[in-house]
Amino acid sequence: MRILLIGDIVGKPGRHICTRAIRGLRAKENLDLVVANAENAAGGSGLTPEIYHELLEAGVDGITLGDHAFRRREIFPILQSERRIVRAANYPAAAPGHDFCILRARQQTPVAVFTLLGRVFMPPIDCPFQAADRVLAALPADIRVILVDFHAEATSDKQLMGRHLDGRVSAVLGTHTHVATADEQILPGGTAFQCDVGMTGPHDSIIGRRIDRVLETTRTFRPTHFEVATGDPRLHGTIVDVNPQTGRATAIRRLVVDQAEADRIAVKYHPQTV
Ligand SMILES: [Fe+2]
Ligand SMILES: [Fe+2]
């Protein structure tokens, strides 16, 4: 089976290219399951119920979040009631939302999905390694395919999580830095790994924000509003092939879709959306 994880969707440009491309991509790439990190989908920070439903209606099967998960309070009821969205599993137990979800891929294959937050260069939080062990112990015994979104800053931290979970999950894919890394690989135990799948949003930017604003504040320390940029929207994600019987990954590759490609895919594979 084939799973796509879409990297951090940033603001309207990220949502637009994602919803434009997704149905066509499902057909073109023969995808069985699509998961998207939507921690920056609402104006660059957080997620609203409207955007949650918009992404699901566009063809996303499940949603992961990150350090901006709780930026918009109106998402709390969705985090509690819906089972196709997860916040990081290493928040304290009292935090809104669920540690993991079980999605149904094509052919109804169950796929467990969870997110962890890193602790290097990030706010303090519970240990992601122990949280991963706890979630794995809690999963139903029949689950073979497991996708982990490790939302972390440091590449070393991400490599450590990959090795910690190697052979126990199908994929450990990184998010949060908004820059795709060229280290996609299958680890010795059969876990697909990549430090960061990249950003779905405006690439003519500083990780999604207006260059002039970020430069101004960085050079002068004058606060500015870091508006979401608009130029060169691209969808970045990673596709992993998994043997559904063993849960082991057999292939991993990066995916980049720019606006022209998104338009071509939509016209060719899903003309109803055009
Ligand atoms: Fe992000
Ligand atoms: Fe983040």
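A simple charge model with +1 on the Cβ of Lys and Arg, -1 on the Cβ of Asp and Glu and nothing else charged puts the dipole of the chain at about 260 debye relative to its Cα centre. Projecting the Cα atoms of Thr177, Ser156, Gly190 onto the charge dipole of the stretch 145-222, computed from C-beta unit charges around the Cα centre, puts Thr177 farthest toward the positive end. Let a ≥ b ≥ c be the square roots of the eigenvalues of the Cα gyration tensor of the stretch 45-96; is it rounded (a/c under 1.5), or, if not, prolate (a/b larger than b/c) or oblate? Here the stretch 45-96 falls in the prolate category.
Net charge dipole, the stretch 75-227: roughly 260 debye, given to the nearest 20, about the Cα centre with Cβ charges of +1 for Lys and Arg and -1 for Asp and Glu.
Here the scattering of the stretch 161-252 is modelled by Debye summation over its C-alpha atoms, one equal scatterer each and no solvent; at q = 0.11, 0.19, 0.22, 0.25 Å⁻¹ the log10 of I(q)/I(0) is -0.44, -0.82, -0.95, -1.11.
Just the number: Rg to Rh for the chain, Cα atoms, Kirkwood Rh, two decimals. Don't jump to the answer; show the numbers that get you there.
Details: Rg = 17.5 Å, Rh = 18.4 Å.
Rounded to two decimals, Rg over Rh is 0.95.
Estimated purely from DSSP H runs of n ≥ 4, each contributing -39500 (n - 2.57), the mean residue ellipticity at 222 nm for the chain is -8500 deg cm²/dmol once divided by its residues. Accessible area per residue for the stretch 139-274 in Å², computed with a 1.4 Å probe and the full protein assembly in place, what is it? Accessible surface, normalised per residue, equals 47 Å². Rolling a 1.4 Å probe over the protein heavy atoms leaves Arg15 with an accessible area of roughly 30 Å². Expressed as a whole percent, the accessible area of the chain that falls on carbon and sulfur atoms is 52 (1.4 Å probe). Along each principal axis, taking the top coordinate minus the bottom one, the Cα set of the stretch 1-59 gives 32, 17, 17 Å in descending order. For the stretch 203-247, the calculated P(r), taken from all Cα-Cα distances in 5 Å bins from zero up to the bin holding the longest distance, is 5, 20, 18, 13, 9, 8, 6, 7, 6, 5, 3, 0 percent.
The values are calculated or read from the model by the stated rules, or taken from the named source; none is laboratory data. Computed from a predicted structure; not experimentally measured. Note that each Cβ is placed from the backbone with ideal geometry, even for glycine, and that neighbours are counted across all protein chains shown. Calculation scope for accessible area: heavy atoms of the full protein, side chains included, ligands and nucleic acids excluded. Shrake-Rupley method; radii C 1.70, N 1.55, O 1.52, S 1.80 Å.
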